[in-house]
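A.B. asks: Handing you this structure, nothing more for now.
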Amino acid sequence: MDAKESTKKIIIIGGGVAGLSAGIFGQKNGFETVIYEKNPWVGGSCSAWRRNGFTIDNCLHWLTGTKEGATKKLWTELGVLDEKIPLIKRDIFFASRADGQTAILWRNLDRTRRELLELSPDDRAEINGFLDCVLLIKGLLHSNMSARDMLRAIKNQDFSEKPLEFAFKFIQYINLNSEQLAKKFKCRAIGSIFLDFMDKNYESYWLMLAYSFFIDENGDLPKDGSMGLAKNLKEKYLSLGGKIVLNCPAKQIIVDRKSRIEKIIEMDASGSEKIAALKNLGQDLGDGMTRKKIICHHSTGVLFENGRTESADYIVAACDINFTYKKLLENHYTPRPLKKVLKKHGKGKPVVYSSFQVAFAVDGLFDCVEDTLGIDCATIRIGTRMCSRFTIKNYRLYGDYIAPEGKTVIQVSIPQYARDFRYWRKMDRDEYQKYKISTANVIKGEIEKLFPEYRFRLSILDVWTPLSYNKICNDYYGAYMRYITTPFNMNAFMPLDVKRLDNVFLASHFLRYPGGLPTAAQTGKDVIDEIKKTEMPRPPLPFLKKKK
């Protein structure tokens with residue numbers, strides 16, 4: 001679209017990675033875009049902040065897309081990666097310690113295999129099966145393969161098992177959650193990797209996928225971490241003429257329900273609806289696709305919490321999808337896949353999770369933990385849960401911006417669930433602050449017992465809970481990660497457009513499996529492509545018309 005041919009305005013609600021990506025591609029395609037952000041900063045879940053001369057990075061442990069390919073091209077277009085931005089390469093992906101043993105996932109897969117087999121010869125079959133799955137996924141990263149192609153790839157790979165036996169195991173693995181896969185290992189240190197890396201209810205496929213990126217040199221860390229990534233996105237967006245309004249939370253997407261607009265849509269087998277390219281209505285549909293005409297409403301703009309109203313031709317909600325449908329759209333347009341997720345959550349089934357987090361300043365480099373380590377501890381009450389294990393992340397390798405010379409930041413993370421969120425929410429402010437700090441001090445004491453050489457060398461920088469994520473980013477029950485599903489679940493993918501609204505769209509890492517920063521950035525780009533479709537020259541009535 002030529003910028004001179006369009007002056008259409010897009011309001012983007014949310015200045016996270018998805019919102020900034022939508023803004024950048026909106027500006028590149030000739031739209032006038034304005035991002036409205038509720039906080040005094042942009043970045044959303046990609047967040048980092050300063051405390052007492054130290055930096056707390058609450059998001060970026062690695063960035064998928066640092067190797068040449070489609071995802072790196074996307075990051076380059078967004079100004080996140082270029083030849084001037086150095087990449088930090090880590091040797092260790094993740095490690096877990098239990099019963100006096102330490103299991104490590106190295107960047108070198110052969111080293112990982114050798115050390116794990118030495119650690120637990122009795123787990124040979126499971127170790128080889130898991131690592132062979134990682135190796136297979138690594139080979140498929142840049143392909144959209146059919147089931148037949150995948151089986152052919154398995155047949156041609158040199159794995160530790162026969163191709164058909166491995167194919168069967170691969171299908172089994174990708175349908176197991178982390179807890180189910182952990183139980184297959186006799187060595188608790190190895191099994192703990194799956195439980196420490198991600199919540200026990202998450203699909204084990206997520207660890208396989210992330211580790212496969214890492215060993216493929218496709219999951220390195222850009223200099224300055226989350227802070228640098230958000231800064232680069234913001235600067236790119238502003239350089240293209242975009243506008244950002246901070247401290248301006250949205251209250252409602254205004255919908256004119258008196259208007260009736262007929263829209264042609266295409267529906268695939270999963271029930272996802274897509275706006276049809278109207279100039280191609282005479283062409284045959286793809287397999288499994290149907291076309292129909294529906295009646296839509298139209299949004300005239302956005303009402304903000306300060307009473308301000310802004311009009312626009314298009315609205316992009318780049319924020320928590322539950323917040324979008326429940327609050328901004330007043331529960332009128334919630335899609336079926338999201339309803340199913342929320343229904344499961346209402347029945348107490350594991351759908352989302354969050355964390356209790358503590359960041360410590362360390363007088364020293366804390367080189368007893370090289371990267372990320374899961375470890376046993378004395379039983380601690382966190383919210384409603386009794387926990388006997390936590391992970392420690394050492395941020396020293398992130399660079400000098402993390403901490404003064406000779407010092408570092410470590411961060412402890414402990415899973416939390418819906419009942420814990422309710423627990424924190426019920427507290428008054430003073431009780432909430434007091435309990436956070438007292439719990440952080442208990443954790444500090446546990447670290448000092450585990451690593452006595454650092455006794456009296458740790459100080460609390462900050463403490464945050466699921467309630468913090470909810471207040472800052474409107475995250476559903478404080479869930480900063482995508483809801484729990486499997487890659488083959490029909491609810492794993494949601495449409496970018498809002499059913500029965502002709503000009504409201506979404507961009508979010510919640511919309512597509514597996515979520516994360518690349519998904520957020522990609523949906524920001526894709527939502528602009530969806531809007532461009534609606535800008536195509538339209539045929540005369542009766543294909544599109546307004547009814548009184």
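The values are calculated or read from the model by the stated rules, or taken from the named source; none is laboratory data. All figures in this text were calculated on a predicted structure; none of them were measured in a lab. Here the Cβ positions follow ideal geometry from the backbone for every residue, glycine too, while neighbour counts run over all protein chains shown. Heads up: the accessible areas ignore ligands, DNA and RNA and are worked out on the full protein's heavy atoms, side chains in. Shrake-Rupley method; radii C 1.70, N 1.55, O 1.52, S 1.80 Å.
A.B. asks: May I ask you to verify whether Asn470 is open to solvent by 50 Å² or more (accessible area, probe 1.4 Å) and in a helix (DSSP H, G or I)? If you could, list the steps in order and put the result at the bottom.
C.D. replies: On the way: open to solvent by 50 Å² or more (accessible area, probe 1.4 Å): no; in a helix (DSSP H, G or I): yes.
It is false that Asn470 is open to solvent by 50 Å² or more (accessible area, probe 1.4 Å) and in a helix (DSSP H, G or I).
A.B. asks: Going by the conditions given, is Ser239 small (Gly, Ala, Ser), open to solvent by less than 50 Å² (accessible area, probe 1.4 Å) and out of contact with any strand residue (DSSP E or B) (no Cβ under 6 Å at 6 or more places or on another chain)?
C.D. replies: no
A.B. asks: Here is a further query. Please enumerate the residues belonging to region 451-460 that are open to solvent by less than 20 Å² (accessible area, probe 1.4 Å) and either at pLDDT below 95 or not in a loop (DSSP other than H, G, I, E, B) (or both).
C.D. replies: Tyr454, Leu458
A.B. asks: Still on this structure, I have one more. How many residues are in a helix (DSSP H, G or I) and either open to solvent by less than 10 Å² (accessible area, probe 1.4 Å) or at pLDDT 95 or above (or both) if we restrict to region 198-214?
C.D. replies: The qualifying residues number 6.
A.B. asks: Name the residues in region 379-437 that are open to solvent by less than 60 Å² (accessible area, probe 1.4 Å), free of Cβ contacts under 8 Å to residues at least 40 places away in the same chain and β-branched (Val, Ile, Thr), would you?
C.D. replies: Thr384
A.B. asks: Looking at region 37-79, which of its residues are hydroxyl-bearing (Ser, Thr, Tyr) and either part of a loop (DSSP other than H, G, I, E, B) or in contact with a helix residue (DSSP H, G or I) (Cβ under 9 Å, 6 or more places away or on another chain) (or both)?
C.D. replies: Passing the criteria: Ser45, Ser47, Thr55, Thr64, Thr66, Thr71.
A.B. asks: So, one more: Could you pull out the residue among Glu32, Glu77, Glu37, Glu68 that is over 30 Å from Ser388 (Cβ atoms) and modelled with pLDDT under 95?
C.D. replies: The match here is Glu68.
A.B. asks: Can I ask one more? In the set Thr102, Thr112, which member is modelled with pLDDT of 95 or more, polar (S, T, N, Q) and surrounded by fewer than 19 Cβ atoms within 10 Å (Cβ to Cβ)?
C.D. replies: Thr102
A.B. asks: Being in contact with a strand residue (DSSP E or B) (Cβ under 6 Å, 6 or more places away or on another chain), outside any helix (DSSP H, G or I) and either open to solvent by less than 10 Å² (accessible area, probe 1.4 Å) or at pLDDT 90 or above (or both) is the filter here; which residues of region 504-519 pass it?
C.D. replies: Hits for region 504-519 are Val504, Phe505, Leu506, Ala507.
A.B. asks: If I ask for residues that are more than 30 Å from Ala103 (Cα to Cα), out of contact with any helix residue (DSSP H, G or I) (no Cβ under 7 Å at 6 or more places or on another chain) and either open to solvent by 70 Å² or more (accessible area, probe 1.4 Å) or at pLDDT 95 or above (or both), which ones from region 80-92 would you list?
C.D. replies: If the condition is that a residue be more than 30 Å from Ala103 (Cα to Cα), out of contact with any helix residue (DSSP H, G or I) (no Cβ under 7 Å at 6 or more places or on another chain) and either open to solvent by 70 Å² or more (accessible area, probe 1.4 Å) or at pLDDT 95 or above (or both), then Glu83, Lys84 are the ones that fit.
A.B. asks: For residues that are closer than 12 Å to Val134 by Cβ and in contact with an Asp or Glu (Cβ under 9 Å, 6 or more places away or on another chain), tally how many sit in region 168-203.
C.D. replies: 2
A.B. asks: I'd like to know if region 43-66 contains one or more residues that are within 23 Å of Gly301 (Cα to Cα), buried (at least 18 other Cβ atoms within 10 Å of the Cβ) and either touching a strand residue (DSSP E or B) at 6+ places or on another chain (Cβ under 8 Å) or among the hydroxyl-bearing types (Ser, Thr, Tyr) (or both).
C.D. replies: yes
A.B. asks: Taking into account only those residues within region 154-184 that are among the hydrophobic types (A, V, I, L, M, F, W, C) and open to solvent by 20 Å² or more (accessible area, probe 1.4 Å), which is modelled with the highest pLDDT?
C.D. replies: Taking the candidates together, the pick is Leu176.
A.B. asks: Moving on to the next point. From His297, His345, which residue is assigned to a strand (DSSP E or B) and either modelled with pLDDT of 70 or more or under 26 Å from Gln27 (Cβ atoms) (or both)?
C.D. replies: Step by step, each of His297, His345 is checked, and only His297 is assigned to a strand (DSSP E or B) and either modelled with pLDDT of 70 or more or under 26 Å from Gln27 (Cβ atoms) (or both).
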